[in-house]
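The values are calculated or read from the model by the stated rules, or taken from the named source; none is laboratory data. Remember, it's a predicted structure, so these values are computed and weren't measured experimentally. FYI the Cβ positions are ideal-geometry reconstructions off the backbone, even for glycines, and counts take in every protein chain you see. The accessibility values were calculated without ligands, DNA or RNA, using every heavy atom of the protein model including side chains. Shrake-Rupley method; radii C 1.70, N 1.55, O 1.52, S 1.80 Å.
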Amino acid sequence: MWFRNLQIYRLTSPIGLTPEELHDKLMSKAFRPCGTLEPVSMGWDSPLGRDGSMLTHAANGFIMVCARREERLLPASVVRDALDERVAATEQAEGRPVHRKEKLQLKDEIVLDLMPRAFTRSNRIFAYIDPQNGWIVVDSSAAKRAEELLSLLRESLGTLKVIPMSINDDPSAVMTSWLGKGAPADFTVLDECELREPTEEGGIVRCRRQALDGAEVSTHLDAGKRVVRLAVEWNERIGCILGNDLVVRRLRFLDVVQEEAAAASAEDAAARFDVDFSLMTLELNRFIPRMVEVFGGLVEEN
């Protein structure tokens, strides 16, 4: 349940629903498996999985939701091989070439024939809503997947006024300055970063398990490269990769947080989920505002 990535969005208008009211809204888009000819199906699932019946889970004012996405796996190579066989058989049987338009028709027939027999794969995307501070936080490193969850939420509610988090300072400039001048006291720069030249086709340097205050990295900085991703720890409680796109990747809750979670009693899976969710949101409720602060604060809405 612990989030591994953060895509952070701002609510420009409150959702204004209790967890129970939100559950009722989400029921209109509850998950159902793909139909026989559907390539993709997406809907809401219980955050607790088999251990829960509600489509929301609330703790300490935060509301967790979970979207489930299922897709049929029909590799292009399988369709292509079947099409080649069908075309060869037609040309041999009828003694004529099969032209492009007919090939496209045959391809559609093959897809319709194979789709019901294709295997399915599903994954779950978690997000939580922070009504008090006006955030929606999605556990995904891919903007496309996060937007799919937000689109599903918008369809379920009828409206959803939300924008990606936007800050005043250039994150790349801020992180580059950390390598040259030092990070704030509560941030520790680790041994991994990605540097890029500011031009569109400029060079890229990726460093891992390397001291970032050494001469080699300094040479790249002096040549004009800028930090676009940087591994850091915050307050000895959270580790992550900060990106210039404001996505937090490879999020880790460090030993002190995990020890607090292990020390909390939980009688069953639902109670364990509740403890972990409470601790996670408590930490992120401190970390996200601090990240916003070191990057210059939020851009004010017009």
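Looking across the range 21-53 at every residue that is more than 22 Å from residue 273 (Cβ to Cβ) and small (Gly, Ala, Ser), the one that is least open to solvent (accessible area, probe 1.4 Å) is identified as 41.
Of the residues that sit in the range 193-204 and are outside any loop (DSSP other than H, G, I, E, B) and open to solvent by 30 Å² or more (accessible area, probe 1.4 Å), which one is farthest from residue 290 (Cα to Cα)?
Applying the first criterion (outside any loop (DSSP other than H, G, I, E, B)) to the range 193-204 yields 193-196, 204.
When the remaining residues are screened for being open to solvent by 30 Å² or more (accessible area, probe 1.4 Å), the result is 196, 204.
Values: 196: 25, 204: 29 Å.
Result: 204.
Of the set (1) out of contact with any helix residue (DSSP H, G or I) (no Cβ under 6 Å at 6 or more places or on another chain); (2) open to solvent by less than 40 Å² (accessible area, probe 1.4 Å), all apply to residue 188 but (2). Of the helices (runs of 4 or more DSSP H) lying entirely inside the range 213-302, those containing at least 1 residues that are at pLDDT 95 or above and farther than 22 Å from residue 185 by Cα are 269-294.
Against the condition within 30 Å of residue 204 (Cβ to Cβ) and among the aromatic types (Phe, Trp, Tyr), how does residue 253 come out, does it pass?
Numbers: within 30 Å of residue 204 (Cβ to Cβ): yes; among the aromatic types (Phe, Trp, Tyr): yes.
In short, yes.
Among the candidates 115, 27, 1, the residue that is under 29 Å from residue 142 (Cα atoms) and modelled with pLDDT of 95 or more is uniquely 27.
In the set (1) more than 27 Å from residue 64 (Cβ to Cβ); (2) assigned to a helix (DSSP H, G or I), the condition left unmet by residue 190 is number (2).
Residue count for the range 2-20, restricted to those that are open to solvent by 40 Å² or more (accessible area, probe 1.4 Å) and among the hydrophobic types (A, V, I, L, M, F, W, C): 3.
Which residues, counting only those in the range 246-263, are surrounded by 14 or more Cβ atoms within 10 Å (Cβ to Cβ) and either hydrophobic (A, V, I, L, M, F, W, C) or within 29 Å of residue 210 (Cα to Cα) (or both)? Steps first, answer last, please.
Restricting attention to the range 246-263, the residues satisfying the condition of being surrounded by 14 or more Cβ atoms within 10 Å (Cβ to Cβ) are 246-249, 251-254, 257-258, 260-261.
Listed by number, the residues that qualify are 246, 247, 248, 249, 251, 252, 253, 254, 257, 258, 261.
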